Amino acid sequence: MRIHEYQAKGLFAEFGIPVPPSRAVASADEAVASAETLGLPVVVKAQIHAGGRGKAGGVALASNADEVREIAERLIGRPLVTHQTGPEGRIVRTLLVEKASEIQSELYLSLVVDRASRQIVVMASRAGGVDIEETAKTDPDAIVKEWVDPVIGLRGFQAFRIGTRLGLPTKTARSVAKIVLALYRLFCAKDCSLAEINPLAITPDGDALAIDAKITIDDNGLFRHPEIGELRDLNEEDPLEVEATSVNLNYIKLNGTVGCLVNGAGLAMATMDLIKHAGASPANFLDVGGGATAEMIEKGVRILVDDPDVRAVFINIFGGILRCDVLAEGVVAAAKNLQIDVPVIVRLEGTNVEAGREILSSSGLAFRTAGDLSEAAAMVAEAVASTAGGTA
Ligand code: GDP
Ligand code: MN
């Protein structure tokens, strides 16, 4: 789960990472009032779950109240398009008004889980600011890394060595080391998968200060952090994914045109491969799980049909704990309540399969049932090819 910059800075403050004084606001009036309380000049920053705001005009310096109002009115309630948002952008609903800092140089600092070494890795670079992806490509040696032994944890000398390896003066290296250690404590305490400060500003006094803050929490750890769960901003998430999560369906939106409803992650992966193999491509991953109820199935079908990219629905179920008759009831209920104008191909096997097929065929609805998997895949590919717009 992603959280906003202002929320991440709240966590930074809690863990002793220095951040400039700031206020999160939802209107231009509040922005002006906050700027006056904080003291001008301020930086006004659009809060969306995407980076690249600086380059896209979503971060702006204001030296008086009129400028604050102007910037706030330009940003709030409108979509901000950055290289990370896609062409539709994200609607800005919150602004962070932050006391402007004097910045002498900008470092990059992040912690991520390095899957290859199965350790947390600390990465830092003097090429901070807005172009770190570019640095990673063109000058990877400019990024220093320290791996953390999970048994021992991050050691003080490692944190200090980051600064010296970057060639920073001792005072600055110490200030950076403190932040690295605090960020590591935060990372572990909150089950993060990413914690990034870009830029980590160095002030004219040689101290380090977090100007930006980006945190991603591992969803599997969220149950341990109800306080983080409360920071969730559903406006920033795919509405169909939000709906799926609310009924415990495992749903991920993809780029293709075949909506898939499958039980079990392994079968779901195999189904996606099969669709590809037949020349079409999946519009989503949807695992209804072993213990799905008819209501969950109905919701799942609804989510698929609501996706404007879907040109055919493929229901592929191996009835184990989820019985085929329960599945069929859910599908029929969904089809009766919805206007489904794409072909629905069903392949059922397993517990109560006869009863399931009977429910489908006596429903009077136009399901196409497939005898086996390869027949199903061919039917799906043909259905997609024959709908308007053709290709997968
Ligand atoms: P991002 O583009 O979405 O990553 O947004 P950032 O929060 O990183 O801001 C982009 C850039 O704006 C930073 O790299 C800084 O150069 C600049 N910036 C942000 N806050 C301040 C500030 O308080 N003072 C100054 N001088 N520049 C700032
Ligand atoms: Mn940034």
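Derivation of every value follows stated rules applied to the coordinates shown; laboratory data play no part. Everything numeric in this text was worked out from a predicted model, so none of it was measured. Using ideal geometry, Cβ is built from the backbone for each residue, glycine included, and neighbour counts are taken over all protein chains shown.
Before moving on, here are some points about what is shown:
- Volume per residue of the C-alpha convex hull in the chain, rounded to whole Å³: 164 Å³
- Choice from ILE120, ILE152, ILE275 showing the highest fluctuation, given a GNM over the chain with Cα pairs closer than 10 Å: ILE152
- Taking other Cβ atoms within 10 Å as a rough exposure proxy, ILE91, ILE143, ILE17, ILE315 sort from fewest to most as ILE91, ILE143, ILE17, ILE315.
- Square roots of 5 times each gyration tensor eigenvalue, C-alpha, region 18-167, largest first, Å: 34, 18, 14
- Ranked list, fewest to most other Cβ atoms within 10 Å of each Cβ, for THR387, THR85: THR387, THR85
- The alpha-carbon atoms of region 243-359 define a convex hull whose volume equals 89 cubic angstrom per residue.
- Size-normalised alpha-carbon gyration radius of region 119-184, reference 2.2 N^0.38 Å: 1.12
- Dimensionless Rg ratio for region 21-99, taking C-alpha atoms and the 2.2 N^0.38 Å reference: 1.00
- Label zone at LYS171 (point 7 Å along Cα-to-Cβ), backbone N below 19 Å, region 1-33: 18-19
- Cross-link partners of LYS45 among lysines (Cα-Cα below 27 Å; sequence separation of 8 or more within a chain): LYS9, LYS55, LYS99, LYS178, LYS190, LYS214
- Per-residue ³J(HN,Hα) for region 282-291, Karplus 6.51 cos²θ - 1.76 cosθ + 1.60, θ = phi - 60°, Hz, x for Gly and Pro: x, 8, 5, 10, 9, 9, 7, x, x, x
- Shape parameters for region 105-229, alpha-carbon atoms, Rg then Dmax in Å: 14.3, 42
- For SER27, SER22, order by how many other beta-carbon atoms lie within 10 Å, fewest first: SER27, SER22
- Just checking the listed ones, ILE215, ILE76, ILE345: in the Gaussian network model of the chain with Cα springs under 10 Å, the one fluctuating most is ILE345.
- Of the DSSP H helices in the chain, those whose Cα atoms cover at least 24 Å axially and whose Kyte score averages -0.5 or more: 170-189
- Under the criterion of Cα pairs below 8 Å and six or more residues apart, the relative contact order for the chain equals 12 percent.
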